[in-house]
1. Return the inverse of the average 1/r over all pairs of distinct C-alpha atoms in the stretch 91-230, which is the Kirkwood hydrodynamic radius, in Å to one decimal.
2. So what does D285 come to for accessible area, using a 1.4 Å probe and Å² rounded to 10?
3. Order T369, T186 by their accessible area, 1.4 angstrom probe, all chains in place, largest first.
4. For the stretch 231-282, what log10 I(q)/I(0) values come out of the Debye formula at q = 0.25, 0.31 1/Å, with one point per alpha carbon and no solvent?
5. Using only the heavy atoms of the protein chains and a 1.4 Å probe, how would Y92, Y280 rank by accessible area, largest first?
6. For the stretch 299-349, count all C-alpha to C-alpha pairs, find those more than 17 Å apart, and express that count as a whole percent of the total.
7. So for the stretch 106-170, what percent of the C-alpha to C-alpha distances run longer than 20 Å?
8. Please state, as a whole number in µm²/s, the translational diffusion coefficient that the Stokes-Einstein equation yields for the stretch 168-227 at 4 °C and 1.567 mPa s, with Rh defined as the Kirkwood radius across alpha carbon pairs.
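The values are calculated or read from the model by the stated rules, or taken from the named source; none is laboratory data. Please read all numbers here as calculations on a predicted model, not as lab measurements. Cβ atoms come from the backbone with ideal geometry, glycine included; neighbour counts cover every protein chain shown. SASA here: full protein model, heavy atoms, side chains in, ligands and nucleic acids out. Shrake-Rupley method; radii C 1.70, N 1.55, O 1.52, S 1.80 Å.
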Amino acid sequence: MSSTSAEETRAAGPGPQDPDRGPCSGEAGPDDRSSTPAPDRKAGPNPPPPGGVSAAGGPLGKTPQSRGYLLAGGLVVALVALALAAAGTGAYDIPLGDVLASLQHRTGLGGHALDRVGESVLWNVRLPRVVLALLVGASLGCAGALMQGVFGNPLAEPGIIGISSGAAVGAVASIALGLSFLGNWTVTACAFVAGLATVLLVYVLSRSGGRTEVITLILTGIAVNAFAGALIGLFIFFADNAQITQITFWQLGSLSQATWPKVLAVLPSALLGLAVAPFYARKLDLLALGERPARHLGVDVERLRLVLVLVVALLTASAVAVAGVITFLGLLVPHLLRMAHGSGHRFLIPGSALAGALLLVAGDLAARTVAQPAELPLGVLTALFGSPFFFLLLRRARRKQGGWA
């Protein structure tokens, strides 16, 4: 009897009086189930997975915004540390403690003054150079981020629409023609005005039917760059040996002539451009969806493009006017940050300014210490490291697109 009832019970399946059995005959009871606990239904429909990892794949509590703050804080700390180290490093070494003491003394926060030579080297040679590197690097980095946002292409950089070459024409012309109507400011002023005039010329020539297409702007910039290169060659042909030496040194890029007046020359343009750029971050994010979706979302694409091209011209022309032609920085910095954090412009624009300043201070420190007592041109170093990176970007873009066609 017991055998028959047991078989009937097994055939009928578990009843309400047998809650310990699972829905299948082979399922184990509660005493021999695996140790993995069932999800707690009170925790909601999507309980957090084990291991402290969010559904997006990142650690819990590390939102994109918090990661942006951490990365920006790291850049600021690294920038301050490197700037202090650069101020004390060189042919005449100044210990870090003395640098801090002199800074405190000048700002009325205690400290003490250095000896006559140390004070002169620190305040008349090193600090103007470090501050100028900060301003030029921040300007070029921010300009690169804006250019890539305007063109929707991570391979764009400020020189693509002729700003750098136009500024170079102004500087080379002033040197070759022996102009001196503004004294020591002549070369800087000519470079700045020529850079702004060139970008306005490119914009006017590429405008058709009340609109400016990106591809037309780029091709016009290439044509203007070629024409500017021809003008530079023509001026060099008629220049004497001393002028050729000055032109060559300026074209290679350098901060060796940094002074406080040059810092003051670039400061208003840099601060204005760096202050205006973040206000267009949201519109650049919308523009990344495409011109037509951006227009439907209320973005005046043509006006946005004109304003940002002028901001880029202001930043780049002022940087080139005081430091010469420094290439690839505007290309490198935004792309590195985009790989580290993402393409959101609310972080990318200020982050590119910080990272650009950091890289240029590091590059200038290397330029004046690697081959002591000689000094390497800063533009040569940036091109030396930037061109292989640009080639890697091209290869990466080609693999993603499956070819160039």
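1. Computed over the stretch 91-230, the radius equals 18.2 Å.
2. Approximately 50 Å² for this residue.
3. The residues order as T369, T186, largest area first.
4. Once normalised to I(0) and log-transformed, intensities are -0.92, -1.09.
5. My answer, sorted largest first, is Y92, Y280.
6. On the way: 681 of 1275 pairs.
When all Cα pairs of the stretch 299-349 are counted, 53 percent exceed 17 Å.
7. For the stretch 106-170, the share of Cα pairs beyond 20 Å comes to 54 percent.
8. Values: Rh = 12.7 Å.
Here the translational diffusion coefficient equals 102 µm²/s.
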